[in-house]
Amino acid sequence: LFCSSELSHKEILTTVKDATEDFCDHYALDALSHLAKTQTYIQEKLADDGYLDVTELAEEVFDNPVMQEEFTANLMDQKVPERVHMHAKYAEKSTKMIKMKTDTGIQISIPSVYFDDPEYFEVIKNEDQSLTIQIKNALYLK
């Protein structure tokens, strides 16, 4: 009897997002920005051809080739396939929004495609390492 186990699509997406955050924490990178890049890549790539490619993801999210290789190896170690077919609608729900929660319990959800667009949204890192979130072009709706 032979058995094999593979990660489900949900587990793959969760692993990729968690690995991105952990990797950024390890290298003291802006985790929110890199997570937004990760989620945007996943949405766009799956909508384009339906495949998530770990190497391409690393190249899209991280500028440094050494970091790209390390991130790819890290995902492979966590059993994420190098290339996996996934339906875009399935991944869209999981990758559509960047969710943040303050220490006081305030929750903010921003569409990941707008996260790095300074015309709509900006995260400013303060000297004391706290973050200031600036939302632009917002309308008050009743």
### Task
Output the residues belonging to segment 104-122 that are in a strand (DSSP E or B), open to solvent by less than 80 Å² (accessible area, probe 1.4 Å), over 15 Å from N137 (Cβ atoms) and of a type outside the set (A, V, I, L, M, F, W, C).
S109
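Yes or no, residue by residue, for (1) closer than 20 Å to P111 by Cα; (2) in contact with a helix residue (DSSP H, G or I) (Cβ under 8 Å, 6 or more places away or on another chain):
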residue	(1), (2)
S5	no, no
K10	yes, yes
T14	yes, yes
D18	yes, no
T38	yes, yes
D49	no, no
### Message
Against the definition (surrounded by fewer than 10 Cβ atoms within 10 Å (Cβ to Cβ) and among the basic types (K, R)), how does K125 come out, yes or no?
### Response
no
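The values are calculated or read from the model by the stated rules, or taken from the named source; none is laboratory data. Since we're looking at a predicted model, the values are computed, not measured. Note: ideal-geometry Cβ built from the backbone for every residue, glycine included; neighbour counts use all protein chains shown. Quick note on the areas: whole protein, heavy atoms, side chains included, nothing else; ligands and nucleic acids left out. Shrake-Rupley method; radii C 1.70, N 1.55, O 1.52, S 1.80 Å.
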